[in-house]
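Following: one structure in structure tokens, then a few remarks.
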Amino acid sequence: DQEGKKIRKAFIPVNDLFLSADYSQIELRLLAHISGSKELQDAFINGQDIHKKVAADIFGVEEKDVSKEMRSTAKAVIFGIVYGISGFGLGENLSINAKEAKTFIDKYLELYPGVKKYMDNIVKEAYEKGYVKTLFDRKRNIDELKSKVYQVRSAGERIALNTPIQGTSADIIKMAMVKIDREFTKLNIKSKMILQVHDELIFDIKLAEKEQVESIVKDIMENIVSLSVPLKASADYGTDWYETK
């Protein structure tokens with residue numbers, strides 16, 4: 001929360017500035033790629049606001065008529081789908097009843113059949129093989145699927161749904177980190193990569209290298225892999241960690 005984030009003010013650079021480089025909606029972009037959903041892929045390729053587009057589709061209105069509340073609902077539905085959320089769980093998140101929340105989920109899956117097909121297939125495959133893999137063949141065994149307890153199996157199904165997406169996201173940022181480090185060494189750059197937080201990298205940079213470092217970092221992060229949709233990274237600066245966001 002906002003109070004907790006103030007702790008970031010305690011972190012200051014050894015050099016001149018912090019650079020925060022952040023992947024934009026990488027898990028949703030991976031969902032579009034892995035599921036093969038043409039509708040989602042087209043939205044990212046055309047640079048649309050994915051939450052606004054989904055809101056317009058779910059509520060049956062024009063994008064220009066999407067309210068802030070509609071967009072927030074769509075965002076919760078989209079991320080909920082990625083994490084295998086139930087109607088009950090989504091209802092709690094949105095402070096609405098479970099039946100209404102399930103209607104949103106069902107509508108989304110009806111509008112984006114590629115996502116529904118992916119979800120069904122990956123869970124089926126996990127039950128058959130006992131594991132799932134990321135795009136780069138990193139394996140996650142899911143012993144929970146063997147349990148006789150429904151709640152444990154359900155947790156296993158959520159792991160099966162999410163691992164190829166979240167795991168691939170983790171793979172991609174690690175690959176980018178390795179390449180950035182090599183590039184910094186090759187060019188004798190004095191700025192340092194110091195921290196990874198989920199889909200964000202933090203750099204302690206020298207002012208004289210600001211433009212060069214940003215260019216290298218964004219280029220590598222956005223082009224480290226080739227997907228059916230573009231990867232996007234944004235950059236923010238600050239004299240402490242709190243300022244970078």
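General remarks:
- Paired Rg and Dmax values of segment 151-245, which use every Cα atom, in angstrom: 16.1, 55
- Annotation for Glu222 and Lys148: the two label points, set 7 Å from Cα along the Cα-Cβ direction, are 5.6 nm apart.
- Heavy-atom accessible surface of the chain, averaged per residue, reaches 55 Å², computed with a 1.4 Å probe.
- Inter-part distance where segment 83-104 and segment 1-74 are each reduced to a Cα centre, Å: 20 Å
- Loop-located chymotrypsin sites (Phe, Trp or Tyr not before Pro) in segment 216-245, at most 13 other Cβ atoms within 10 Å (DSSP): none
- Between Val132, Val225, Val77, the Gaussian network model of the chain with springs among Cα atoms under 10 angstrom shows the greatest mean-square fluctuation at Val225.
- Of the solvent-accessible surface of the chain, computed with a 1.4 Å probe over protein heavy atoms with every protein chain present, carbon and sulfur atoms account for 50 percent.
- Theoretical ellipticity at 222 nm over the chain - DSSP helices of four or more residues, -39500 (n - 2.57) apiece, nearest 500: -16500 deg cm²/dmol
- Using the Cβ of Thr185 as centre and a radius below 13 Å, the other residues enclosed give a net charge of +3, where K and R count +1 and D and E count -1.
- Each of Ile7 and Glu125 was given a label point 7 Å from its Cα along the Cα-to-Cβ line. The distance between the two points is 3.8 nm.
The values are calculated or read from the model by the stated rules, or taken from the named source; none is laboratory data. The shown structure was predicted, so the numbers you read here are calculated from the model rather than taken from an experiment. Cβ: placed from backbone, ideal geometry, glycine included. Neighbour counts: every protein chain shown. These area figures cover heavy atoms from the full protein model, side chains too; ligands, DNA and RNA do not enter into them. Shrake-Rupley method; radii C 1.70, N 1.55, O 1.52, S 1.80 Å.
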